[in-house]
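Colleague: Please see the structure below; I have some questions.
The values are calculated or read from the model by the stated rules, or taken from the named source; none is laboratory data. As the structure is a computational prediction, the values presented were derived from the model and not from experiment. Note that each Cβ is placed from the backbone with ideal geometry, even for glycine, and that neighbours are counted across all protein chains shown. Side chains included, ligands, DNA and RNA excluded: accessible areas come from the protein's heavy atoms. Shrake-Rupley method; radii C 1.70, N 1.55, O 1.52, S 1.80 Å.
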Amino acid sequence: MNDLDRLAVWHSWRMGEQGPKASAAGLPGITHGLSAAISQMGVLRAGRTLLKVNQAGGFDCPGCAWPEAEKRSHFEFCENGAKAVAEEATRSRITPAFFADHPVSELARQPEFWLGKQGRLTTPVVKRPDSDHYVPISWAEAFSLAAGHLNAIHPDEAIFYTSGRTSNEAAFLYQLLVRSYGTNNLPDCSNMCHESSGMALSATIGVGKGTVTLNDVHSAKLIVVVGQNPGTNHPRMLAALETAKQHGAKIISINPLPEAGLMRFKNPQRAAGLVGKGTQLSDLHLPIRVGGDLALFQAIGALLTAWQAVDHDFISTHTSGFAAWRTNPSISALITAAADAAASPSPAGEVMAEVVRATGLRWELIEAAARMFADSEATVVCWAMGLTQGRDAVATIQEIVNVQLLRGMVGKPGAGLCPVRGHSNVQGDRTMGIYHEVPAWAGRLKIEVPPKRGYDTVEAIRAMRDGRATVFVGLGGNFAAATPDTEVTEAAMGNCTLAVHISTKLNRSHVISPPGQTSLILPCLGRTEHDPAGFVTVEDSMSNVHASQGRLPAASPDLRSEVAIVCGLAEALLGLDWSAYRTDYRTIRAVIAEVIPGFERFEERVVHGFTLAQGPRDSRSFPTRDGKARFTASPLTSIEVPPGRLLLQTVRSHDQYNTTIYGLDDRYRGIKNERKVVFVNPDDLAELGIADGSFVDLVSEWKGEQRRAPGFRVVAYPTVPGCAATYFPEANVLVPLDSTAHGSNTPTSKQIIVRLEPK
């Protein structure tokens, strides 16, 4: 029985048909997605809306940032895409009467799921310092109120957060407003997800983005999916993996959990996916210990070098730092051990034993993966937050770059680096200047750009906590639920004298407003709704820029677009006349075309969509200091876990996207009507003396501090021994604010040392 067969057996071991699934999508994906859409939108509205998702002339899905193929079907959405659309296009409404009936103190006791299900916000509301209720406020008064608070403080005392759902046009104007106001305090959701990718890639290839197109994925000979669960988080990626398999590709999946979407895909748009077995995806699964990826890719790089399976011409022509990498003590010892192992039937060497301990993998599995790298003529490595939210995330991603550089797999058809972004325009927002650093093109803005670096997300929380920031403005998102150290974050937000939330629906951030704080909720149009000022644009995970235009009537006549709200704030705060931007988005794109490289003739090109040019991908040119891609040397490290403790990672359920909870099930993992669960290996439960199905408190331990998440049900599950998993945002309370990735300051939500305390 091979490893995949063992995983399939273990998948069905615990609860039979009610337990974890061994395949993703298929007919259940259709029924669950359409059921959610119809229940919230009705049959006709659901049908008309879903047929416009990710279509030319339609709107970009408000879910993930996976790109669309050149040839599209009529159904360019997945189960979770249908749920995302349903959440936004719901017929449920929150009116002023709702807020009259529900004080903020009562709303604060409701779970996130309940808050989100109350419906779309319909009118601007304010909670004043002497009140426990939100009440209606006019747009003019709301802008004046916000401007008054902002003009009364130093600009660096204000925080301007952005969600990755924001359009290019709104994001560009927002950063222009903030920098015109006088600060670079522009934290965003990237700080908590792919900041580690951006830092690692910028330092090695000179560009903080991936180097592949969708056609590269389709034509790859080997695809490595590491630290990612595409079946839940990027379901449309499964179709691309299926296409690659049909073209002869092999797939390696590397994950502590045996996720259904990494095993078998039942394509709901094919008969074989509805009634047949579907397509087996993974040819090799590596059940890696949490945090063991750095050691794994160091070992793979060493094996490739020991075997002479490297592209010397590419290395000598296009890279620098190879000699320093090769003589790095960890790599050098691994190369020696690998060479010795090649001449001996059993692996030897302390460093090899350290790799096995760090990864939790048998050496034979590591060697098998390395052989697949060596045999592949075109390799794509994909990753997501399973890598980016660890202590050594930047170094780990740089080791992936090292392996790809060894094989010459950058700037080659069917090959490259593929950080798979989450929210639908999170990459575009960074391109537009949503960044706490000053963009290289900022000198073209025709304003006095403040030179001082701004706060990232973790720094923003610290500033609010310490009283150095007193105003919070959020353009989309759910800051309180998305960030680490929940109690600290909520208390920090509560320290602000003013909080402004630009939102489509009610969420946790709106209801933590304490007495003494003024809080504004400014309701905006959603991605699915018609905007009379024209279409907006977004950028997907592979640097494709395209238009998005909703068709539904606005949920309320009192809604404004994100652009219009940013313009209203700019006019009230700075006395600017941005009326042209507010009424015609072509004027914004004209400015973007002048300012940001790559957007020349923006209006003309976006009609059909275009891909931003990139040196590493297009011409093997690298905008680094020496003009070459750089090898990076890092020590071999692993996370030390004391006896009786587990290494916990936070994950999404299949019924959520980021902080939005669609439902209380996690179908692929066999969970029904529950979210406060913790997945633990049965052997660990036996050793700890804890029964499957019992309840525990999760207690995180970090530098002598403890944080507690009470009342979680234990679920015996085939995760790696010594590791555990649970859902966010419920477990965000366990993530210390100051426990962040080296180099990127991203919270370490994937590496939390915990103990289980039985109830």
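Colleague: Over the chain, what relative contact order in percent results from Cα pairs under 8 Å that are six or more residues apart?
Modeller: 21
Colleague: If I take every Cα pair under 8 Å that is 6 or more residues apart in the stretch 569-642, average their sequence separation and divide by the length, what percent do I get for the relative contact order?
Modeller: Values: 30 pairs, mean separation 8.8, N = 74.
Relative contact order here is 12 percent.
Colleague: Of the listed peptides 724-732, 507-515, what is their order by residue-averaged count of other C-beta atoms within 10 Å, with the highest listed first?
Modeller: In descending order of packing, they fall as 724-732, 507-515.
Colleague: Count the net charge of all other residues whose Cβ sits under 13 Å from the Cβ of residue 371, scoring Lys and Arg as +1 and Asp and Glu as -1.
Modeller: That sum, taken over residues with Cβ under 13 Å, equals -2.
Colleague: Which one, 56, 722, 178, is farthest towards the positive end of the dipole of the chain when Lys and Arg carry +1 and Asp and Glu -1 on their Cβ?
Modeller: Going by the charge dipole, the pick is 56.
Colleague: Provide the packing ranking of 97-106, 316-325, 527-536, 118-127, i.e. peptides ordered by the mean count of other C-beta atoms within 10 Å per residue, highest first.
Modeller: 118-127, 527-536, 316-325, 97-106
Colleague: While we're looking at this one, here's another question. Let me know the charge dipole size of the stretch 239-342 about its Cα centre in debye, to the nearest 20, where only the beta-carbon of Lys, Arg (+1) and Asp, Glu (-1) is charged.
Modeller: That gives a dipole near 480 debye.
Colleague: Can I ask one more? Among 682, 303, 222, which residue has its Cα furthest toward the positive end of the charge dipole of the chain, with +1 on Lys/Arg Cβ and -1 on Asp/Glu Cβ?
Modeller: Farthest towards the positive pole: 222.
Colleague: Right, here's the next one. Starting from the 7 Å offset along Cα-to-Cβ, what nm value, one decimal, do you get for the label separation of residue 202 and residue 448?
Modeller: Taking the two extended label points, one gets 2.6 nm.
Colleague: Heavy atoms only, probe 1.4 Å: what % of the accessible area of the stretch 149-261 goes to carbon and sulfur, would you let me know?
Modeller: Ligands and nucleic acids excluded, carbon and sulfur reach 54 percent.
Colleague: For a paramagnetic label modelled at 7 Å from the Cα of residue 586 toward its Cβ, which residues of the stretch 597-616 fall within the zone defined by backbone nitrogen distances under 16 Å?
Modeller: Hits in the stretch 597-616 for residue 586 at 16 Å: 601-608.
Colleague: Could you provide, to the nearest whole Å², the per residue accessible area of the chain with probe 1.4 Å?
Modeller: Dividing the accessible area of the chain by its residue count gives 35 Å².
Colleague: To the nearest 20 debye, what charge dipole does the stretch 653-740 have about its Cα centre, counting +1 at the Cβ of each Lys and Arg and -1 at the Cβ of each Asp and Glu? Intermediate values should be presented prior to the final figure.
Modeller: Details: 9 positive and 13 negative charges, 49 e Å.
Charge dipole of the stretch 653-740: 240 debye, to the nearest 20.
Colleague: Something else: Taking a temperature of 4 °C and a viscosity of 1.567 mPa s, what whole-number D in µm²/s does Stokes-Einstein yield for the stretch 481-526 with Rh from Kirkwood over alpha carbon pairs?
Modeller: 115
Colleague: Additional query: Note down the relative contact order for the stretch 220-342 as a percent, whole number, built from C-alpha pairs under 8 angstrom at least six residues apart.
Modeller: Value for the stretch 220-342: 20 percent.
Colleague: Another question, if that's okay. Using only the alpha carbon atoms of the stretch 268-385, find the Kirkwood hydrodynamic radius as the inverse mean reciprocal pair distance, in angstroms to one decimal.
Modeller: That comes to 16.1 Å for the stretch 268-385.
Colleague: With no other cysteine's Cβ closer than 4.7 Å, which Cys residues of the chain count as lacking a disulfide-compatible partner?
Modeller: Here 61, 64, 78, 189, 193, 496, 524, 567, 723 come out as lacking a disulfide-compatible partner, given the Cβ-Cβ threshold of under 4.7 Å.
Colleague: Magnitude of the Cβ-charge dipole of the chain, K/R +1 and D/E -1, about the Cα centre, nearest 20 debye? Don't skip to the answer; put the middle values down first.
Modeller: On the way: 73 positive and 76 negative charges, 239 e Å.
Taking the Cα centre of the chain as origin, the dipole is about 1140 debye.
Colleague: Of all the accessible heavy-atom surface of the stretch 622-727, with the other protein chains kept in place and a 1.4 Å probe, what percent is carbon and sulfur?
Modeller: The C+S portion of the solvent-accessible surface of the stretch 622-727 is 51 percent.
Colleague: Summarise the accessible area of the stretch 40-80 (1.4 Å probe, protein heavy atoms) by the percent that is carbon and sulfur.
Modeller: After summing per-atom areas, the C and S share lands at 61 percent.
Colleague: Taking the Cβ of residue 37 as the centre, find all other residues whose Cβ is under 13 Å away and add up their charges (Lys, Arg: +1; Asp, Glu: -1).
Modeller: Charge balance in the 13 Å sphere: +2.
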